[in-house]
Amino acid sequence: MQVNWRNIHVARNSYAVLLAACGRSGFFLQPVESPAGDITCYSLNSINAPLYHDEIAFADCLTIAGGPHATACPEEVAEYADYVIVGEGEYTLPRLLENIRGGDGGRIPGVMTRDHYEPADTTVRLDAYPAFSVTKGYVEITRGCPFSCGYCQTPQLFGHCMRHRSIDEVAKYANRHGQSRFVSPNAFAYGSDGIHPRWDKIESLFRQCRHQIFFGTFPSEVRPEFVCGESLDLISRYCANTKLHFGAQSGSDAVLRQLHRGHTADDVITAVELCRDHAITPIVDFIVGLPFETDDDQRATGELIQWVARSGNVHVHRFIPLPGTSLAGSTARPLLKEIEKLCGNLALRGKLTGSWDDPEIRFFRRPSNDIP
Ligand code: SF4
């Protein structure tokens with residue numbers, strides 16, 4: 001049975017992870033540019049899913065779709081894909097492939113078809129699966145997030161309980177290559193419950209990594225209230241990055257409260273100042289056009305963007321109401337002319353990147369200014 005993987009640039013780390021997981025069951029996911037063979041697998045996000053709709057619907061092979069969009073809207077995706085993986089793929093995808101190969105029709109937990117669904121009966125333990133195999137990927141160190149930010153799909157995908165790959169396992173993969181980067185919703189929460197940091201565990205992890213590591217920057221980030229003297233000392237002492245990436249999202253405390261971000265604008269200011277004191281460049285994310293933002297809220301965000309840009313860089317994104325989030329179905333608010341002008345000017349000066357004017361850009365292009 002020939003199983004293919006549809007090459008989609010933004011899903012390249014999912015490919016590395018699932019190639020490794022399926023390889024243990026004897027399936028090689030052959031990368032392809034169009035559906036072929038017996039089965040073609042897709043990982044879809046909520047922006048690129050429409051681009052692949054017809055390709056999947058009219059494929060001459062069986063199709064399996066997973067990823068954030070398939071998990072958030074499985075019924076919709078099951079209308080055009082033969083099998084939809086709802087949730088994590090490391091266990092379910094090889095199990096589904098074995099089931100199909102055995103002629104049993106793919107009716108297994110965690111998979112939706114047009115006429116059948118049974119929720120997954122497992123949760124992935126990261127240590128039980130390789131971070132990657134022959135195709136190098138980023139090492140996923142943590143999955144799940146205890147926060148509930150209104151725009152974010154992560155807790156819906158992976159739950160509110162943080163699961164960590166063990167120090168030995170992270171180091172095993174990090175030490176295979178000269179440079180390593182990590183995946184986590186909040187890298188500074190590694191080893192913890194996501195609320196109370198465990199600097200001792202992070203330091204133990206760093207001590208076991210023999211080569212260059214980039215921590216708390218692309219492709220992961222950290223939360224602003226985790227930026228402190230201890231965390232920055234660890235970065236300065238053990239890591240290769242001179243930048244740290246964290247989310248501010250808004251300059252208005254009222255908006256941050258409505259988003260359930262769990263931090264204030266002052267936390268962001270403190271984090272930026274601490275980075276500056278440690279000679280680390282802050283890269284700070286903002287979302288503009290949130291549905292409940294007033295003009296004054298948007299101006300407060302503009303002021304914070306301008307202030308951060310003096311000592312760091314900003315990523316500004318236009319709000320997208322992603323399915324599966326508490327803000328799904330809401331409408332993005334237009335930008336004030338002065339905010340558009342501010343973003344344009346900062347972009348021209350190389351201080352700002354992102355998709356403040358076109359929300360879809362962020363799912364197709366990788367920001368480059370946080371890659372050392
Ligand atoms: S934005 Fe970050 S902190 Fe908030 S829910 Fe998503 S992963 Fe968690």
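Rounded to the nearest 20 debye, the dipole size of the chain about its Cα centre is 1180 debye, using +1 on the Cβ of Lys and Arg and -1 on the Cβ of Asp and Glu. Shown in residue order for the range 39-45 are the 3J(HN,Hα) couplings computed by the Karplus curve 6.51 cos²θ - 1.76 cosθ + 1.60 at θ = phi - 60°: 9, 10, 9, 10, 10, 10, 9 Hz (x for Gly and Pro).
Between the range 124-154 and the range 1-71, the alpha-carbon centres lie 18 Å apart.
Could you tell me what fraction of 2.2 N^0.38 Å the Cα radius of gyration of the range 1-115 comes to, as a two-decimal ratio? The partial results should precede the final answer.
Values: Rg = 12.3 Å, N = 115, 2.2 N^0.38 = 13.4 Å.
That ratio works out to 0.92.
The order of F246, F58, F206, F214, going from fewest to most other C-beta atoms within 10 Å of their C-beta, is F58, F206, F214, F246. Compute the Cα gyration tensor for the range 217-367, then decide on rounded, prolate or oblate, letting a ≥ b ≥ c be the square roots of its eigenvalues: rounded whenever a/c is under 1.5, prolate when a/b is larger than b/c in the other cases, and oblate in all that remain. Cα axes put the range 217-367 in the prolate bin.
Can you put V3, V139 in order of Cβ neighbours within 10 angstrom, beginning with the fewest? Show your work: numbers first, answer last.
Working: V3 22, V139 27.
Sorted ascending by nearby Cβ count, the order is V3, V139.
Considering only I305, C209, G289, the residue lying farthest towards the positive end of the dipole of the range 138-363 is C209, judged by Cα position with unit charges set on Cβ. Computed 3J(HN,Hα) for the range 294-301, one whole-Hz value per residue from the Karplus formula 6.51 cos²θ - 1.76 cosθ + 1.60 where θ = phi - 60°, is 8, 4, 5, 4, 5, 5, 4, 5, glycine and proline marked x.
The share of Cα pairs per 10 Å bin across the range 1-57, counted from zero up to the longest distance, runs 24, 55, 20, 1 percent. Give the list, by residue number, of cysteines in the chain with no other Cys Cβ closer than 4.7 Å, or say none. C22, C41, C61, C73, C145, C161, C209, C228, C239, C275, C343, each lacking another Cys Cβ under 4.7 Å.
Compute the semi-axes of the equivalent ellipsoid of the range 151-242, taking the square root of 5 times each eigenvalue of the Cα gyration tensor, and list them largest first in whole Å. Could the numbers behind the result be given before it?
Working: eigenvalues 83, 47, 32 Å².
Its equivalent ellipsoid spans semi-axes of 20, 15, 13 Å.
Report the far tail of the P(r) of the chain, meaning the percent of Cα-Cα pairs longer than 34 Å.
Values: 19879 of 69006 pairs.
It works out to 29 percent of all Cα pairs.
Cβ crowding within 10 Å, taken as a proxy for footprinting-reagent exposure, orders T353, T123 from fewest neighbours to most as T123, T353.
Note on T122 and R107: the model spin-label points, each 7 Å out from Cα along the C-beta direction, lie 2.1 nm apart. For the range 84-93, the Karplus equation 6.51 cos²θ - 1.76 cosθ + 1.60, evaluated at θ = phi - 60°, returns couplings of 10, 8, 9, x, 6, x, 4, 8, 6, 5 Hz by residue, with Gly and Pro reported as x. Reported to the nearest whole Å, the Cα centre-to-centre distance from the range 75-114 to the range 177-192 is 30. Bridgeable aspartates and glutamates around K341 (alpha carbons under 14 Å apart, same-chain partners fewer than 8 residues away excluded): E303, D357.
What does the convex hull of the Cα atoms come to per residue for the range 68-114, in Å³? Let's see the in-between values first.
Numbers: hull volume 2.8 nm³, N = 47.
Once divided by residue count, the hull of the range 68-114 is 61 Å³.
Could you compute the net charge surrounding V134? Neighbours are other residues with a C-beta less than 13 Å from the C-beta of V134; K and R count +1, D and E count -1.
On the way: positive: R24, K136, R176; negative: none.
Summing Lys and Arg as +1 and Asp and Glu as -1 gives +3.
Read-outs throughout are calculated quantities, based only on the coordinates presented, and are distinct from any laboratory measurement. Just so it is clear, the model here is predicted, and its values are computed rather than measured. Note that each Cβ is placed from the backbone with ideal geometry, even for glycine, and that neighbours are counted across all protein chains shown.
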